[in-house]
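Reviewing the structure listed below.
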Amino acid sequence: MGTNYHHETFPWKHIVGFILSLVLTFAALWIAFSSGLATKAILVGIVVLAVLQAVLQLFMFMHVTESDSGKIQTINMAYSFFIAIVVVAGSIWTMAFVL
Amino acid sequence: MKWSEFFVTGEPLIYAADVSIVLTVIGIVFILTYFKKWKWLWDEWLTTVDHKKIGVMYIISAVLMLFRGGVDALLMRAQLTAPNMKFLDSQHYNEIFTTHGTIMILFMAMPFIIGLMNIVVPLQIGARDVAYPYLNALSFWLFFVGAMLFNIAFVIGGSPDAGWTAYFPLAGNEFSPGVGNNYYAVALQISGIGTLMTGINFLVTILKMRAPGMTLMRMPMFTWTILITCVLIIFAFPVLTVALALMTFDRLFDTQFFTMANGGMSMLWANLFWIWGHPEVYIVILPSFGIFSEVVSTFARKRLFGYKAMVGSIVGIAFLSFIVWVHHFFTMGAGAAVNSFFSITTMAIAIPTGVKIFNWLFTLRKGRIRFTTAMLWSLAFIPNFVIGGVTGVMLAMAAADYQYHNSYFLIAHFHYVLIAGTVFACFAGLHYWYPKMFGHMLNERLGKWTFWLFMIGFNVCFFPMYFLGLMGMTRRMYTYSAGLGWTPLNVVASVGAALMGIGFLVLCYNIYYSARYGERDMTGDPWDGRTLEWATSSPVAHYNFAVIPEVKDLDAYWEMKKSGKGFEMDEEKLKPIHMPSNSGRPFLISIAFFFAGFGLVFKWFTLAIIAAVFIILGLILRSFDDDDGYYISVDEIKRTERLTRKEA
Ligand code: HEM
Ligand SMILES: [Cu+2]
């Protein structure tokens, strides 16, 4: 306690991050519903947009670059990455027999 | 939905429940009004952001849910006691095993554990509150309204009836019309959000708010297990959130994620459910390991054996728990490679678990053991949990699991780990930390009665189920015929269940009895404890520590006592203490969540949208909230401390 969390300046970073996130989300919606691309291309497109948005949010909202606890951040990111791979690749592998 | 279907009708049991609910509500309102307690309720409880009070509310809710889930269990046992019973019909039986499982795991085990961690973790690390007290209140109230929403299902609209795992296609609109499974999707979603926030809150609390000198490797074992549990929560719960959202879309808006037709993939639900579900069972067992570690080391009067190995094995278990989920559906047909991989990872979990068992045994070795109630639960845990673990390894062999899967053998396995693990731990923790919550002890004599009744009842109830499983009895069947030869063991199991019920009643009586006649704890350290929570008064002062302790050793308080000082407080060193202000907003936002959820369940979207507007309004108000808390003056601290500390 005791730390002061007041923002003295206007939170530009958050506003820009928010607007960019909205743009990316609507872009994904557009690709999925109205772009008329092939299914594969749609999938690639929305996955790329999702990863972009994740990175964007990490920098704009989560302040990855501002923290002093670099070690914890690194472990956290590495582990998140590991879990993401496990969940996605693991599910695909497990469910491959019905695909 | 027709209005005539709004209230569930036609069952005498349901009418009885209606009556008792109405009577209870009238009773509560009457008592609060008669004793003029409304303001007290609002000021002291509904608006509190104090981690200790929030913890107490979690535990009270958990005990109530244990009652509800327990009644479900007894109804099931009654139906299964003899062949061809007509006590419950198949539909009613389906509803009851569904609510039993869901309530016991999500609304009993989770809040009990979270309640204990709320009360104990800040004290163990020498902090004055959690990192985000306001968020903590919101977590609790979201859990609470989620639980209440789930619990009204059986009188309003109808219970979910597709099992606590809610497998598709059964849980989809086609086979489960009606609102029952909407309740499942929405109520779990709401309380799940609360749990996720708790995970974040306690992770930050433990990483950032430890007292000076408490390095990670000097943290008490319970705190360690909570830290790792938070990691599990943070990584596992989002999967549930997404899966439930897809389920909600399927049920409310006729999307086709998990349907049989139109490219839906019903088995994907099972896959997603268990990606969350397996870590979830470790979310409730790891803190239990922490509780047993504290209790065993205190009552063996020894430092925990192999602290580093303990930490290593918790981290190992947490890591492995994310790569074993397929063992819940070996029979789905994924093929030999997939099954072998997950079979091996599953068996590997037994290794770190075994390490821990040996650590407890070596902690006990040559200890001067005191057989308190908390210790009895912990001692009983070891052999009982081993039975559950060993049968788990049997289930882990994919080929053999084709025989065991979904039989009573499985039922016995997970009750041996969940009851002998989590439930025993909750009872041990309750007895152990009770003076910290209420300032008096739970009666030991009654506590031991509960222990023996419940522990013996548990074994009598569940041990025969291993054999029923081997004899071919499958789970979730509502009746069986006489010629199968299952009757004797089923009768035995029901007797055991009744014993457990009696044990629970004795526990409730104990809570009442101890509140009236229980021994006050004047020392703050009734068990001769080792960790910092015992350096506070009982019940703990609002601000926990008048001065923040300096930690020099793993067993910080033990070290202070051994060096002859105890936990000294120099009145000169006191400074005003900064505390967070109470707020009614978490409660009100959660009420809005309740109505939003209720609207979704019945597809009353106007109601849902209006409630959602209130939720967003609450968030906006919070963003512009400038309340920085308040200070407790040095004079007031001195007064409180003189009252509670016995002067040496
Ligand atoms: C040595 C450690 C363990 C092993 C090897 C193990 C293995 C397994 C396996 C293979 C299954 C699936 C069996 C089937 O469906 O046919 C299972 C089910 C289950 N296990 Fe464990 N387990 C272990 C520990 C635990 C613990 C510690 C808990 C919880 C505290 C737990 C809770 C459950 C539950 C709730 C289920 C059944 C869920 C359901 O189908 O409704 N297990 N276990
Ligand atoms: Cu599992």
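Taking Rh as the Kirkwood radius computed over C-alpha pairs, what is the Stokes-Einstein D of region B:38-77 at 4 °C in a medium of viscosity 1.567 mPa s, expressed in µm² per second?
Stokes-Einstein gives a translational diffusion coefficient of 111 µm²/s.
Over the alpha carbons of region A:12-95, what is the largest minus smallest coordinate on each principal axis, giving the biggest first in Å?
Computed over region A:12-95, the largest-to-smallest principal extents equal 46, 39, 12 Å.
Using the Kirkwood radius over C-alpha pairs as Rh, can you work out the diffusion coefficient of region B:70-152 via Stokes-Einstein at 10 °C, viscosity 1.306 mPa s, in µm² per second?
104
Among B:Lys436, B:Lys86, A:Lys13, which comes first, second and so on when ranked by fewest other beta-carbon atoms within 10 Å?
Ordered from fewest to most neighbouring Cβ atoms within 10 Å, B:Lys436, B:Lys86, A:Lys13 come out as B:Lys86, A:Lys13, B:Lys436.
Which angle from 0 to 90°, rounded to the nearest 10, does the C-alpha axis of helix B:487-517 make with the longest principal axis of chain B?
30
Pick out, from B:Tyr408, B:Leu106, A:Thr74, the residue whose Cα sits farthest towards the positive end of the charge dipole of the protein assembly as shown, with +1 on the Cβ of Lys and Arg and -1 on the Cβ of Asp and Glu.
My answer, from the dipole projection, is B:Tyr408.
B:Lys562: which aspartates and glutamates have alpha carbons under 18 Å from its alpha carbon, excluding same-chain residues fewer than 8 sequence positions away?
Counting by Cα, and skipping residues close in sequence, B:Lys562 has these aspartates and glutamates nearby: B:Asp525, B:Asp528, B:Glu533, B:Glu550, B:Asp553.
What is the ratio of the Cα radius of gyration of region B:584-626 to 2.2 N^0.38 Å, with N the residue count, to two decimals?
In units of the globular-protein estimate, region B:584-626 measures up at 1.18.
Quick check on packing: order B:152-162, B:102-112 by the mean number of other C-beta atoms within 10 Å, highest mean leading.
B:102-112, B:152-162
Over chain B, calculate the relative contact order: mean separation of alpha carbon pairs under 8 Å at least 6 apart, over the residue count, as a percent.
So the answer I get is 17 percent.
Could you give the angle, 0 to 90 degrees to the nearest 10, between helix B:408-417's Cα long axis and the longest principal axis of the Cα atoms of chain B?
10
Positive end of the dipole of region B:1-94, charges at C-beta (+1 Lys, Arg; -1 Asp, Glu), about the Cα centre: which of B:Val29, B:Phe67, B:Ile54 has its Cα farthest in that direction?
Positive-most Cα among the choices belongs to B:Ile54.
For q values of 0.07, 0.09 Å⁻¹, compute log₁₀ I(q)/I(0) with the Debye formula on a Cα-only model of the protein assembly as shown, without solvent.
-0.51, -0.87
Over region B:127-193, how many percent of alpha carbon pairs lie in each 10 Å bin up to the one with the longest distance?
21, 41, 22, 12, 5, 0
Rounded to the nearest 10 degrees, what's the angle between the helix B:266-299 long axis and the longest principal axis of chain B, both from Cα atoms, 0 to 90?
Compared with the principal axis, the helix lies near 30 degrees.
Viscosity 1.306 mPa s, temperature 10 °C: give me the Stokes-Einstein translational D for region B:28-127 in µm²/s, with Rh taken as the Kirkwood radius over C-alpha pairs.
Here the translational diffusion coefficient equals 99 µm²/s.
Quote the charge dipole size of chain B about the Cα centre in Debye, to the nearest 20; the model charges only the Cβ of Lys and Arg (+1) and of Asp and Glu (-1).
In total the dipole reaches around 1540 debye.
With 19 Å as the limit, write out which pairs from B:Lys308/B:Lys356; B:Lys39/B:Lys575; B:Lys308/B:Lys561; B:Lys302/B:Lys356 have Cα-Cα distances beyond it, or answer none.
From B:Lys308/B:Lys356; B:Lys39/B:Lys575; B:Lys308/B:Lys561; B:Lys302/B:Lys356, over 19 Å: B:Lys39/B:Lys575; B:Lys308/B:Lys561.
Averaged across the residues of B:233-246, what count of C-beta atoms belonging to other chains lies within 10 Å of each residue's C-beta?
The shielding value for this peptide is 1.
Averaging the inverse of every distinct alpha carbon separation and then flipping it gives the Kirkwood radius. What is it for chain B, in angstrom units?
Evaluated on chain B, it is 25.7 Å.
Among the aspartates and glutamates, which have Cα under 15 Å from the Cα of B:Lys86 when same-chain residues fewer than 8 positions away are ignored?
B:Glu11
Using the Cα centre as the reference, give the magnitude of the dipole from point charges on the C-beta atoms of the protein assembly as shown (Lys, Arg: +1; Asp, Glu: -1; all else neutral), rounded to the nearest 20 debye.
1540
Net charge within 14 Å of B:Ser407 by Cβ-Cβ distance, Lys/Arg positive one each and Asp/Glu negative one each, not counting B:Ser407 itself?
With Lys, Arg at +1 and Asp, Glu at -1, the neighbours total +1.
How large is the dipole of region B:203-341 about the Cα centre if only Lys and Arg carry +1 and Asp and Glu carry -1, each at its Cβ, rounded to the nearest 20 debye?
Its charge dipole is roughly 860 debye.
Using only C-alpha atoms and all pairs of different ones, pull out the Kirkwood radius for region B:507-648 in Å with one decimal.
Computed over region B:507-648, the radius equals 19.4 Å.
Any lysines with Cα under 20 Å of the B:Lys603 Cα? List them, leaving off those in the same chain fewer than 8 positions away.
B:Lys2
Counting Lys +1, Arg +1, Asp -1, Glu -1, what net charge surrounds B:His92 among other residues with beta carbon under 12 Å of its beta carbon?
-4
Chymotrypsin sites (Phe, Trp or Tyr not before Pro) within region A:6-83: which are DSSP loop residues with at most 16 other Cβ atoms inside 10 Å?
Loop-located and lightly packed - A:Phe61.
Readers should treat all values here as calculations from the given coordinates under stated rules, not as data from a laboratory. If you're wondering where the values come from, they're calculated on a predicted model, not measured in any experiment. Cβ atoms come from the backbone with ideal geometry, glycine included; neighbour counts cover every protein chain shown.
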